[in-house]
Amino acid sequence: MILQDDLTLSYSGASADSLAFYHRALHQFACYIEDPVASADAAIAQQPDFVMAHVLKAYLHLLGTEPAGLAVAGKCLDAVQRLPSNPRERGHIAAVSQMLDGQWHRAGRLLEDLSIEFPRDSLALQAGHLTDFYLGNSRLLRDRISRALPAWSPGMPGYHAILGMHAFGLEEMADYARAEVQGKAAVEIEPRDGWAQHAVAHVMEMQCRQRDGIAWMRANPAAWSTDSFFKVHLWWHLALYHLELGEIDEVLALFDGPIYGERSTVVLDMIDASALLWRLHLRGIDVGSRWQSVADGWQPIATAGNYAFNDLHAVMAFVGAQRPDAVAAVLETQQWAMQRSNDNAAFTREVGHPLTLAIKAFGQGRYDECVRLIRPVRDIAQRFGGSHAQRDLLDLTLIEAALRAGQHHLAAALCAERLPMRGHSPLTRQFLARSEPLRAAA
């Protein structure tokens, strides 16, 4: 059976009831709410030959970079390859296959071609958008969506998600004014769109507008945090604003509450937990036993070797928790990962491995070594993914290491580099206050 939806996309093996479950899953995925996997499973239960339901389930298990998700996605691929499918669906199947093989660049290109031919395929756009994020491809984060925008209009189902993705792409390309307008327009249409909420949060983070950011996040937290699998990251953004203002008690309260109070072992949640504690660690804040609980979460999966960005954040936790054997195990896994023929081999070799060594060096008090390792990598760090806001942690670590190593001229130069965008930041002023007198005396 072949059905067509309101966006004129055709679906093989679908029924009206199964297509309703599929569209529910798409909405949940676009908003980062509820349980899209359960909705995809319901669509499959209704129609086991529903091609795109299997494809969606595969993406849901691949795009979180969870090691355990690979096996589930593999079963989805096995199920769908024997089913009749149309050209659009075969494009998705090929993209899933490439992701399973760790070929993220190839998957992104296949999805790019799909979106060019079928610009109203919101799943192709979202899967491609997230692929661009993991590849650190800021331009395609914007342009993949820009190309499709003329095919969309207000009133179409899912239009808010297209605006929200475009907003994030604009932000990553430093087009902050347009990003804020697009993101707020998306939230106005669909208040539960967590990605659009997040795009505006990034704008305010990058513009160092902490009070505006706090007001934005505090205005309607129920909309973006209720039954959301993206809520930890959004609470993390709120914590960054308070941290920049030096409001440490508020940061710790957020960490102990909505950020890590539930001890989530979801990879993306643990990345946020590690990143926040590392920022506190750089400031010399005693976080007590918090490092231990985060390290416990990382321990079973830290040697999966499937994504270098994850490796780095696992090692932050192991350094903070003083687990040298766990650090060594990740570094050993990276040696194996760099010998493979997938994209993570390059992510690890070019960026992840030297940065992991830098974090290890910082933890051992070898600050000159930390500086030496980070400096040549930070200009290409986007190659292993993440956002500008997430990768700012590398600059913060570099400045702190330079200060502790007595490299005062470098520290002052790095602080000056931050002045145009973060000149009124309390943290930037603290860095400057520490570097300038020392440089003058050097």
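The values are calculated or read from the model by the stated rules, or taken from the named source; none is laboratory data. Everything numeric here is computed off the predicted structure, so don't read it as measured data. With ideal geometry, Cβ positions are generated from the backbone for all residues, glycine too; neighbour counts draw on all protein chains shown. Just so you know, the surface numbers come from the protein's heavy atoms only, side chains and all, with ligands and any DNA or RNA stripped out. Shrake-Rupley method; radii C 1.70, N 1.55, O 1.52, S 1.80 Å.
Using a simple spin-label model with pseudo-atoms 7 Å out from Cα toward Cβ, Ala151 and Arg340 lie 3.2 nm apart. At q = 0.10, 0.11, 0.18, 0.19 Å⁻¹, work out log10 I(q)/I(0) for the range 340-442 with the Debye formula, treating every Cα as an identical point scatterer and leaving solvent out; two decimals please. Normalising to I(0) and taking log10 leaves -0.30, -0.36, -0.86, -0.94. Short-range pairs are left out: with C-alpha atoms under 8 Å and at least six residues apart, the relative contact order of the chain is 11 percent. Compared with the direct C-alpha span, the chain from Leu7 to Met173 gains 56.8 nm at full extension, assuming 0.36 nm per residue.
A viscosity of 0.692 mPa s and a temperature of 37 °C, combined with the Kirkwood radius over C-alpha pairs in the Stokes-Einstein formula, give the range 366-425 a diffusion coefficient of 274 µm²/s.
In plain terms, the C-alpha convex hull of the range 32-127 casts an average shadow of 5.9 nm² when viewed from every direction.
Under 17 Å of direct C-alpha separation, and excluding same-chain neighbours fewer than eight residues apart, Lys184 reaches these aspartates and glutamates: Glu171, Glu172, Asp175, Asp193, Glu205, Asp212. Considering only Leu56, Leu276, Leu83, the Gaussian network model of the chain with Cα springs below 10 Å gives its largest mean-square fluctuation to Leu83. With the simple spin-label model, which puts each label point 7 Å out from Cα in the Cβ direction, the Val181 to Ala215 separation comes to 2.0 nm.
The smallest convex shape that holds all Cα atoms of the chain, its convex hull, gives 126 Å³ per residue. Separation of the alpha carbons by more than 32 angstrom is noted, of Lys231/Lys360; Lys75/Lys360; Lys57/Lys231, for Lys75/Lys360. What net charge is computed for the residues neighbouring His313, neighbours being all others with C-beta under 11 Å from the C-beta of His313, Lys and Arg scored +1, Asp and Glu -1? It works out to a net charge of -3. Give me log10 I(q)/I(0) at q = 0.11, 0.13, 0.22, 0.27 Å⁻¹ for the range 228-297, Debye formula, one equal scatterer per alpha-carbon, no solvent. Here log10 of I(q) over I(0) equals -0.21, -0.30, -0.89, -1.36.
Using R0 = 41 Å, the C-beta based FRET efficiency linking Thr226 and Ala71 works out to 0.85. If you model the range 121-173 as an ellipsoid using its alpha carbon gyration tensor, with each semi-axis the square root of five times an eigenvalue, the axes come out at 18, 11, 8 Å, biggest first.
Any idea what log10 I(q)/I(0) is at q = 0.10 Å⁻¹ for the range 55-206, Debye with uniform C-alpha scatterers and no solvent? Values returned for q = 0.10 Å⁻¹ are -0.35. Per residue, the chain exposes 38 Å² of solvent-accessible protein surface, assessed with a 1.4 angstrom probe and all protein chains in place. Across the alpha-carbon atoms of the range 329-376, the computed radius of gyration and Dmax are 11.3, 35 angstrom. Modelled spin-label separation between Glu250 and His409, with each label point placed 7 Å from Cα along the Cα-to-Cβ direction: 4.0 nm.
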